[in-house]
Amino acid sequence: MPVLPGSSAAVAAGELVFTGSMLPMDADHRLHPAAVIDSDAVPGSDPLELQSEVLLGHLRETLAAAGCNVGTDVVRIYQWAPARYDANLDVLSDGAWPRFHPADGYVRAASRVLDGVRTSTGIGVRQLPVADALFAVEVVAVQPQPGVVKQGYAEGDSERVLPFVSTVGAGDWVTLSAGPSDFKGDWMSSVSMGEPSFLAPQARPNPYIWLGSEIEAQTEYTLQRLARAAESAGTSLDRCVHADVTLAHASDFAGFERVWRRWFPHRPPARNLATGARLVIKGGRVEVGATCLTHDAKIEPVRIEDPPPTRARARWRSRRRAAVHIDTHAHRCFRACAASNAT
């Protein structure tokens with residue numbers, strides 16, 4: 001199976017399997033011939049569907065080599081798609097939302113391979129590492145174990161129409177994913193809530209007053225969703241060990257961080273945070289994925305909040321203490337001399 005340079009196809013660790021990026025490429029890292037549409041023929045296939053079939057085939061082979069079934073063992077999926085960026089629109093301005101190739105072809109291909117019990121994140125990027133590629137996926141899967149059943153938890157009726165769920169539990173682990181959408185937004189609504197979008201009403205500041213922060217409202221709503229989802233799966237955000245955060249713009253960080261620290265005032269999870277990506281929900285400025293342990297998990301996390309110093313850091317600290325001692329000693333000598341001269 002083709003693998004990008006510098007990456008393993010997958011790594012198995014304990015109960016979990018983490019794959020590298022699956023792309024519709026061949027062994028030479030070019031677009032796979034099976035995913036290429038004849039430009040001289042009448043288009044009879046969706047290019048995204050063809051590419052999805054190729055990359056999902058790579059995923060099937062990769063997980064099989066790790067002892068997993070692609071159809072039943074995937075618990076978390078990340079998806080990247082090139083988005084068209086309008087250079088004349090700043091991401092902060094109203095209506096700035098990237099356009100994607102319609103995802104229906106991928107959804108059709110995925111429905112033939114994957115079950116719907118997986119949490120999902122979709123992100124728009126400027127381009128992928130394979131020329132003309134329209135999609136890339138990366139997954140976390142759980143290895144089959146006796147007595148362990150993967151279970152999905154849908155959040156309300158609106159989510160049941162989607163090909164994924166917000167929460168999946170398997171053994172000691174729970175994966176979660178949430179953003180500021182209720183999967184309805186303004187669609188077919190006569191109620192004005194500001195700029196039309198797919199955002200939940202609770203995730204929007206009042207557009208008719210100068211108070212309120214868009215990113216803080218979205219972050220608060222997103223973390224509320226995650227907390228409810230975690231509780232439904234027998235855990236809580238206190239048991240979160242890792243979080244993936246995507247922000248639409250670097251200027252969103254300060255507002256996001258204010259809300260995040262209210263939710264995690266002590267012992268926060270390990271976290272990676274990316275800005276400048278595009279989210280597939282119109283109006284969305286934040287998305288958070290979380291990995292938690294259940295309350296009755298056999299594993300207990302060990303948080304490394306202040307790692308022990310390396311030798312280089314220890315030598316630097318030693319030199320710094322010596323410098324402080326010398327400076328202090330010189331200061332005492334200076335004061336003694338000054339006092340002697342004064343008398």
Task: The lone exception for residue 223 - which of (1) surrounded by 16 or more Cβ atoms within 10 Å (Cβ to Cβ); (2) part of a loop (DSSP other than H, G, I, E, B) it fails - done: (2)
- [ ] Evaluate the stretch 273-280: report whether one residue or more is open to solvent by less than 50 Å² (accessible area, probe 1.4 Å), in contact with a strand residue (DSSP E or B) (Cβ under 9 Å, 6 or more places away or on another chain) and in a loop (DSSP other than H, G, I, E, B).
- [x] yes
Open item on the list: Among the numbered criteria (1) surrounded by fewer than 14 Cβ atoms within 10 Å (Cβ to Cβ); (2) at pLDDT 90 or above; (3) under 20 Å from the mean Cα position of the chain (by Cα), which one does residue 135 miss?
Closed with: (1)
TODO: Evaluate the stretch 64-86: report whether one residue or more is farther than 17 Å from residue 280 by Cβ and at pLDDT below 90.
DONE: no
Task: Top-ranked residue in the stretch 13-28 [being in a strand (DSSP E or B) and over 15 Å from residue 148 (Cβ atoms); ranked as most open to solvent (accessible area, probe 1.4 Å)] - done: 18
Task: Selection within the stretch 99-132 - part of a loop (DSSP other than H, G, I, E, B), β-branched (Val, Ile, Thr) and crowded, with 20+ Cβ neighbours inside 10 Å - done: 117, 130
TODO: Could you give me the residue pairs with C-beta distances under 8 Å whose first residue belongs to the stretch 221-245 and is farther than 26 Å from residue 204 by Cβ and touching a residue at least 12 places away in the same chain (Cβ under 8 Å), whose second residue is crowded, with 24+ Cβ neighbours inside 10 Å and polar (S, T, N, Q) wherever it lies, and which are 6+ apart or on separate chains?
DONE: 233/167
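The values are calculated or read from the model by the stated rules, or taken from the named source; none is laboratory data. Everything quoted here is computed from the prediction, not taken from an experiment. A quick note on method: Cβ atoms are made from the backbone with ideal geometry, for glycine too, and the neighbour counts reach across all protein chains shown. With ligands, DNA and RNA removed, areas are computed over all heavy atoms of the protein, side chains included. Shrake-Rupley method; radii C 1.70, N 1.55, O 1.52, S 1.80 Å.
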